[in-house]
Amino acid sequence: MGTHGSLALALIYNSFCRRLPSLCSGSCSGYIGAMNDSTNDNDQTAPLTGSASHNDFKEIAHSGGKITFDIVSDASGRKSYQVTYSGSRPVPMRMFAIYATPDGEPVANIQLGGIGSPWNPPPDPSCRPVFISSDSEGLFGHQCPACGGYWRSDTARFCPYCRLEAESFLFLTPAHLSYVRHYVDTLHDGLEKVAQGQSSQVEIDLDAIVDMDAGLEKPDFYHPGTSQQTKFRCESCKTVTDIRGRFGFCSYCARRNNLADLRTQISMIRAELNSNRTPPADALRQIVSAFDACCRDIASQLSKLPMTARRRKEVLDLLFHRLDAAEVVERAFDIDLRKGMSADLPFIRMMLQRRHVFEHEGGVVTRRYIEESGDNSVPESTLIREDAQNVHRLAGCLTRMATNFENGFNEILPPADLKKTRS
Ligand SMILES: [Zn+2]
Ligand SMILES: [Zn+2]
């Protein structure tokens, strides 16, 4: 089209103000990456699991900002433009960029490197760079083209639900796609209308949309986030992912959050136990329940591997409050939950039997309990008085078993190599 685009950024974030030099589209160096980390310390990423207050599926306002296209037509009619982003809200904001066709179809990610590092070239010279900023928690909504699942994260390379790996422009939501079209159309209109030898300015004012009355319908290119149910920070790559449900893959490296979630839950249960707000028998039931849920979810992920229908059913039916489950997992997947734990196994067996007694027998010792647990310390028909020390020891044992399970799972479905460049 004979037009040259350039980018200038004015970022006003809290008291941080920065104007960056214009860049010619020919070399398209990326400075936006420099902003990406400006909000890291503001992330509210502590796992919300178990929190008394829930804020599921609520709209998270867009971070706002204003995108301005300064368009110039020189004396010979050669057109160029400069893009300026300015934001003034005291909220976390991140930005990423994609290439879109003149029709507004996203076709590639732009790797926004640090200052001075060039962007990857567009797939076609007619492509426009489009800048997409986050919601007001510094996260982006994503939608998986394979499973349809929605999540939020600061970086996307894997679907946290089905583990599809794709470049993040393939995870854009319908609202993002509408925004990309609007962005390209706005720029295109500005370029069309500028008269020879003149200049003009067009803008997309996301601040004005964020500030619209709640009762008014916002344009379809407005792309706020939607809070999900479990927000976690990956222990490996520190990416923040917000998912429906409790368990999922890290959106950047595909490491599962199961073990981290179990540790969080167990530490909360231990705190309640230590402060005498939860009796030991209840803490025992809660810990085994959390362990069972954590392991059943890993088993359900493994059940997606190719296997016979009979084996899949066996894997999906596993209950991890029974030690037999460990035998099935070892036979089916060569993962040894009991690795390095032989000295603890009689204790674990006894405690899992006790859980059964507390859950189903009102805490009263039965003959079956004595036979299966090997515990002769309490006579039949007597109430078991559980002590906190046992519960703490069991919590440690089950965490180690879950660690063995997750390590084995990671051998079969390894998380991504973290040395790859983030995008
Ligand atoms: Zn998916
Ligand atoms: Zn990760």
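The values are calculated or read from the model by the stated rules, or taken from the named source; none is laboratory data. Since we're looking at a predicted model, the values are computed, not measured. Here the Cβ is made from the backbone with ideal geometry for all residues, glycine too, and neighbour counts use every protein chain on show.
Considering segment 118-175, the residues that are among the polar types (S, T, N, Q) and more than 30 Å from residue 305 (Cα to Cα) include one that is farthest from ligand 1 (Cβ to nearest atom), namely 126. Inclusion of residue 401 among residues that are assigned by TED's automatic domain parsing to the domain that holds residue 290, over 32 Å from the mean Cα position of the chain (by Cα) and assigned to a helix (DSSP H, G or I) is not warranted.
I'd like to know if segment 282-303 contains one or more residues that are in contact with a helix residue (DSSP H, G or I) (Cβ under 8 Å, 6 or more places away or on another chain), assigned by TED's automatic domain parsing to the domain that holds residue 357 and surrounded by fewer than 16 Cβ atoms within 10 Å (Cβ to Cβ). So far as segment 282-303 goes, yes, one or more of its residues are in contact with a helix residue (DSSP H, G or I) (Cβ under 8 Å, 6 or more places away or on another chain), assigned by TED's automatic domain parsing to the domain that holds residue 357 and surrounded by fewer than 16 Cβ atoms within 10 Å (Cβ to Cβ).
Considering only segment 374-387, I want to know if a residue exists there that is buried (at least 16 other Cβ atoms within 10 Å of the Cβ) and either in contact (Cβ under 8 Å) with a residue 40 or more places away in the chain or under 20 Å from residue 272 (Cα atoms) (or both). Full working, then the answer.
Filtering segment 374-387 down to residues buried (at least 16 other Cβ atoms within 10 Å of the Cβ) leaves 375, 378, 384, 386.
Next cut, either in contact (Cβ under 8 Å) with a residue 40 or more places away in the chain or under 20 Å from residue 272 (Cα atoms) (or both) only: 384, 386.
So far as segment 374-387 goes, yes, one or more of its residues are buried (at least 16 other Cβ atoms within 10 Å of the Cβ) and either in contact (Cβ under 8 Å) with a residue 40 or more places away in the chain or under 20 Å from residue 272 (Cα atoms) (or both).
The set of residues from segment 256-292 being under 28 Å from residue 144 (Cβ atoms) and away from ligand 1 (no atom under 16 Å from the Cβ) comprises 258, 259, 260, 261, 262, 263, 264, 265, 290, 292.
Do we have any residue at all in segment 202-219 that's over 26 Å from residue 59 (Cα atoms), touching a strand residue (DSSP E or B) at 6+ places or on another chain (Cβ under 7 Å), surrounded by 16 or more Cβ atoms within 10 Å (Cβ to Cβ) and in the same structural domain as residue 74 (by TED's automatic domain parsing)?
yes
Just need a number here: residues in segment 367-382 that are among the hydroxyl-bearing types (Ser, Thr, Tyr), in a loop (DSSP other than H, G, I, E, B) and within 23 Å of residue 344 (Cα to Cα). It would help to see each step written out before you state the result.
Kept after step one, since they are among the hydroxyl-bearing types (Ser, Thr, Tyr), are these residues of segment 367-382: 369, 373, 377, 381-382.
When the remaining residues are screened for being in a loop (DSSP other than H, G, I, E, B), the result is 377, 381-382.
So of that shortlist, the ones also within 23 Å of residue 344 (Cα to Cα) come out as 377.
So the answer is 1.
In segment 328-358, the residue that is surrounded by the fewest Cβ atoms within 10 Å (Cβ to Cβ) out of those that are more than 30 Å from residue 413 (Cβ to Cβ) and either out of contact with any helix residue (DSSP H, G or I) (no Cβ under 6 Å at 6 or more places or on another chain) or outside the structural domain of residue 409 (by TED's automatic domain parsing) (or both) is 343.
In segment 42-57, what residues are at pLDDT below 95 and touching a strand residue (DSSP E or B) at 6+ places or on another chain (Cβ under 7 Å)?
Here is the first cut: in segment 42-57, the ones at pLDDT below 95 are 42-56.
Passing the criteria: 43, 45, 47, 48, 49.
I want to confirm something. Restricting to segment 147-192 and keeping residues that are among the hydroxyl-bearing types (Ser, Thr, Tyr) and in a helix (DSSP H, G or I), which single residue is surrounded by the most Cβ atoms within 10 Å (Cβ to Cβ)? If we take residues in segment 147-192 being among the hydroxyl-bearing types (Ser, Thr, Tyr) and in a helix (DSSP H, G or I), then 179 is surrounded by the most Cβ atoms within 10 Å (Cβ to Cβ). All conditions in (1) closer than 14 Å to residue 399 by Cα; (2) within 16 Å of ligand 2 (Cβ to nearest atom); (3) surrounded by fewer than 17 Cβ atoms within 10 Å (Cβ to Cβ) hold for residue 261, with the sole exception of (3).
Counted as qualifying within segment 250-362 are the helices (runs of 4 or more DSSP H) with 2 or more residues that are within 25 Å of the chain's Cα centre (by Cα) and modelled with pLDDT of 95 or more, namely 258-274, 280-302.
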